[in-house]
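Visitor: Pasting a structure below so you can have a look.
The values are calculated or read from the model by the stated rules, or taken from the named source; none is laboratory data. Predicted model, so just to flag it, every value in this text is computed and none were measured. Methodologically, a virtual Cβ is constructed for each residue, glycine included, from the backbone with ideal geometry; neighbour enumeration extends over all protein chains shown.
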Amino acid sequence: MNLNNLKPAKGSTRNRKRVGRGTGSGHGRTSGRGQKGAQSRSGHSYKVGFEGGQMPLQRRMPKYGFKNPFRIEYQAINIGTLQALAEKNGYSIIDVDTLIEAGLVTRNERIKILAKGELTAKLEVKAHAFSKKAIEAIESANGTAVKI
């Protein structure tokens with residue numbers, strides 16, 4: 001076997017369709033583009049969503065809703081999760097770096113502590129935001145809640 005007698009597997013390749021090469025080829029005259037109109041011309045393209053002049057779907061649908069560009073999104077973490085984290089690793093201070101290390105948040109997320117679960121460990125919790133009940137729960141366990 002040499003490089004000069006290598007061939008692709010039988011049936012794996014097809015010949016290119018050569019259009020506009022006479023009526024005998026089966027692809028002559030209009031070259032498979034049909035009769036007249038924009039689609040038969042070279043350089044033709046439609047805008048995305050064009051429906052042949054009919055009002056496009058995205059313009060028929062009504063506009064609704066509002067996206068507040070100043071909204072601040074928080075990643076919610078419950079005090080029950082903090083309790084489990086403190087028990088497992090023996091933490092007394094829980095801050096952003098601790099939560100990132102535990103895989104609960106990513107570097108760019110803001111953190112809000114919520115009150116679901118029970119907290120018995122005395123913790124110093126540092127986060128971007130707290131719910132009122134979370135602050136009560138942390139302080140009732142003799143801990144402190146520090147806003148960053």
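Visitor: If residue 111 satisfies every condition in (1) assigned to a strand (DSSP E or B); (2) closer than 30 Å to residue 46 by Cα but one, which is the exception?
Guide: Just one mismatch for residue 111, condition (2).
Visitor: I've got another one for you. Considering only residues that are of a type in the set (Gly, Ala, Ser), surrounded by 10 or more Cβ atoms within 10 Å (Cβ to Cβ) and over 28 Å from residue 52 (Cβ atoms), which ones fall in the range 1-27?
Guide: 22, 25, 26
Visitor: Let me ask something additional. Determine if the range 117-124 includes at least one residue that is over 30 Å from residue 47 (Cβ atoms), in contact (Cβ under 8 Å) with a residue 12 or more places away in the chain and either assigned to a helix (DSSP H, G or I) or of a type in the set (Gly, Ala, Ser) (or both).
Guide: Checking the range 117-124: at least one residue is over 30 Å from residue 47 (Cβ atoms), in contact (Cβ under 8 Å) with a residue 12 or more places away in the chain and either assigned to a helix (DSSP H, G or I) or of a type in the set (Gly, Ala, Ser) (or both).
Visitor: Right, next: So which of 114, 99, 123, 104 ends up being in contact with a strand residue (DSSP E or B) (Cβ under 9 Å, 6 or more places away or on another chain), surrounded by 14 or more Cβ atoms within 10 Å (Cβ to Cβ) and farther than 22 Å from residue 72 by Cβ?
Guide: The match here is 123.
Visitor: Let me ask something additional. Which of the following residues is outside any loop (DSSP other than H, G, I, E, B), free of Cβ contacts under 8 Å to residues at least 40 places away in the same chain and farther than 30 Å from residue 143 by Cβ: 75, 39?
Guide: On inspection, the qualifying residue turns out to be 39.
Visitor: I've got another one for you. Given the criterion under 30 Å from residue 20 (Cβ atoms) and surrounded by 12 or more Cβ atoms within 10 Å (Cβ to Cβ), identify the matching residue among 40, 45.
Guide: That would be 40, the only listed residue that is under 30 Å from residue 20 (Cβ atoms) and surrounded by 12 or more Cβ atoms within 10 Å (Cβ to Cβ).
Visitor: Is one or more of the residues making up the range 75-84 among the aliphatic types (A, V, I, L, M), farther than 18 Å from residue 146 by Cα, in contact with a strand residue (DSSP E or B) (Cβ under 7 Å, 6 or more places away or on another chain) and surrounded by 12 or more Cβ atoms within 10 Å (Cβ to Cβ)?
Guide: Checked against the condition, which is being among the aliphatic types (A, V, I, L, M), farther than 18 Å from residue 146 by Cα, in contact with a strand residue (DSSP E or B) (Cβ under 7 Å, 6 or more places away or on another chain) and surrounded by 12 or more Cβ atoms within 10 Å (Cβ to Cβ), the range 75-84 yields no hits at all.
Here's the yes/no breakdown for (1) at pLDDT 95 or above; (2) part of a loop (DSSP other than H, G, I, E, B); (3) aromatic (Phe, Trp, Tyr); (4) over 25 Å from the mean Cα position of the chain (by Cα):
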| residue | (1), (2), (3), (4) |
| --- | --- |
| 12 | yes, yes, no, yes |
| 20 | no, yes, no, yes |
| 28 | no, yes, no, yes |
| 48 | no, yes, no, no |
| 64 | no, yes, yes, no |
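Listed here are the residues, each with its yes/no results for (1) modelled with pLDDT of 90 or more; (2) among the hydroxyl-bearing types (Ser, Thr, Tyr).
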site: 23; (1), (2): yes, yes
site: 52; (1), (2): no, no
site: 69; (1), (2): yes, no
site: 114; (1), (2): yes, no
site: 124; (1), (2): yes, no
site: 127; (1), (2): yes, no
